[in-house]
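The structure appears right after this line, and notes come after that.
The values are calculated or read from the model by the stated rules, or taken from the named source; none is laboratory data. From a predicted model like this one, the values you see are computed outputs, not experimental measurements. Ideal geometry is used to build each Cβ from the backbone, glycine not excepted, and the neighbour counts take in all protein chains shown. Just so you know, the surface numbers come from the protein's heavy atoms only, side chains and all, with ligands and any DNA or RNA stripped out. Shrake-Rupley method; radii C 1.70, N 1.55, O 1.52, S 1.80 Å.
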Amino acid sequence: AKDEGRDSFQLYQATMNARSLEHLALETALHRAISRAELLLHFQPLVEVGSGQIMAAEALLRWQHPQLGVVAPADFIPLAEETGLIVPIGEWVLRQACEQHRAWRASGHSRLRMMVNLSARQLRDEGFVDMVSRVLADTAMPAAQLTLELTESMLMEGSGCTVEVLERLRTLGVRLAIDDFGTGYSSLAYLKRFPIDELKIDRLFIRDIERNSGDAAIAEAIVKLGHSLGLRVVAEGVESAAQFAILSAHGCDFAQGYHFGRPVAAAEFPLPD
Ligand code: C2E
Ligand code: CA
Ligand code: CA
Ligand code: CA
């Protein structure tokens with residue numbers, strides 16, 4: 001039994017070492033990812049429910065790792081947040097998204113909006129608002145066409161995301177959305193306190209909307225709540241015409257999901273006519 005204990009300890013140590021090594025290697029690789037141009041953005045369309053027209057693109061980060069292939073954000077954003085690398089990476093994302101928007105404007109798509117995800121760590125960074133302001137100026141981005149997406153947890157007390165930072169962003173003219181709405185600790189008081197423009201209903205509530213009357217009720221309630229506060233409401237993860245029909249009946253403003261288009265490289269983005 002003694003040996004067994006030692007063996008499992010050694011096994012434990014070996015696993016830990018492999019994990020830290022993996023972690024370290026990934027961190028080093030992520031560090032180089034920007035300079036080696038391994039990061040890229042995919043864009044997913046958002047459609048206006050009433051007209052069916054594509055009216056925005058959400059920028060979604062991808063990492064083209066030389067050995068691992070395409071790494072999904074869920075597999076490296078937590079590490080980027082932990083190490084602080086999300087600050088330079090987030091700036092790269094914003095700049096790249098605004099550059100892409102400029103290219104689309106130049107080809108005549110002047111009404112398209114751009115949505116960019118933020119992480120909590122970025123908002124805590126002292127220079128964040130100045131960075132956004134600089135990127136907008138450098139890329140001649142019309143601020144009103146940019147929406148920054150935050151999550152509910154980022155609005156929580158103590159998360160460092162103050163009303164003041166969001167007010168300053170709003171002063172620049174950008175719009176703010178709450179992503180994955182309904183999944184976090186949504187104290188509805190936050191909706192009043194923070195200068196928010198849009199709510200994005202998490203796809204968790206959309207997935208079973210046809211069968212689950214609870215989910216359907218929640219989605220409907222979020223649309224009503226949003227509208228009563230003067231916010232626009234987006235449904236995420238819409239995968240079928242049937243789901244879209246229900247959301248349309250509930251008066252949801254915008255929809256996003258595989259039913260309209262997956263995230264794709266800019267060259268494949270389904271630009272509106
Ligand atoms: P998110 O912001 O909620 O983005 C939506 C995610 O759902 C994307 O996954 C998208 O590909 C996926 N999706 C879209 N439509 C559907 C659908 O109809 N069905 C299903 N099953 N999935 C759908 P992705 O690209 O893997 O991104 C995952 C998360 O990583 C994002 O969730 C966001 O939180 C984060 N992320 C992505 N890019 C960035 C970034 O540039 N910065 C930061 N901070 N986070 C990012
Ligand atoms: Ca998002
Ligand atoms: Ca989301
Ligand atoms: Ca998310």
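Annotations
- For the range 248-273, a residue qualifies if it is touching a residue at least 24 places away in the same chain (Cβ under 8 Å) and assigned to a helix (DSSP H, G or I), and the qualifying residues are Ser248, Ala266.
- In the range 121-151, the residues that are within 16 Å of ligand 4 (Cβ to nearest atom), touching a strand residue (DSSP E or B) at 6+ places or on another chain (Cβ under 8 Å) and open to solvent by 10 Å² or more (accessible area, probe 1.4 Å): Thr151
- Residues that are within 15 Å of ligand 4 (Cβ to nearest atom) and modelled with pLDDT of 95 or more do occur in the range 89-103, at least one of them.
- Residues of the range 196-212 include none that is modelled with pLDDT under 95 and not aliphatic (A, V, I, L, M).
- One residue from Thr139, Thr183 being away from ligand 1 (no atom under 14 Å from the Cβ) and either farther than 23 Å from Val116 by Cβ or in contact (Cβ under 8 Å) with a residue 24 or more places away in the chain (or both): Thr139
- Filtered residue count, the range 19-51, keeping only those that are in contact with a Lys or Arg (Cβ under 8 Å, 6 or more places away or on another chain) and open to solvent by 70 Å² or more (accessible area, probe 1.4 Å): 0
- Selection of the range 226-243 for residues being within 16 Å of ligand 2 (Cβ to nearest atom) and either basic (Lys, Arg) or under 15 Å from Gly261 (Cβ atoms) (or both) yields Arg232, Val234, Ala235, Glu236, Gly237, Val238.
- Condition met for Trp92 (under 30 Å from Ser240 (Cβ atoms), in contact (Cβ under 8 Å) with a residue 12 or more places away in the chain, in a helix (DSSP H, G or I) and open to solvent by 10 Å² or more (accessible area, probe 1.4 Å)): no
- Identity of the residue in the range 214-273, charged (D, E, K, R), in contact with a strand residue (DSSP E or B) (Cβ under 8 Å, 6 or more places away or on another chain) and within 16 Å of ligand 1 (Cβ to nearest atom), that ends up most open to solvent (accessible area, probe 1.4 Å): Arg262
- The residues on offer are Ala106, Ala59, and the sole one that is in contact with a strand residue (DSSP E or B) (Cβ under 9 Å, 6 or more places away or on another chain) and more than 17 Å from Gly173 (Cα to Cα) is Ala59.
- Residue check, Val165 out of contact with any Asp or Glu (no Cβ under 7 Å at 6 or more places or on another chain) and touching a residue at least 40 places away in the same chain (Cβ under 8 Å): yes
- Just one of (1) in contact with a helix residue (DSSP H, G or I) (Cβ under 8 Å, 6 or more places away or on another chain); (2) open to solvent by less than 40 Å² (accessible area, probe 1.4 Å); (3) of a type in the set (S, T, N, Q) fails for Asn117. It is (2).
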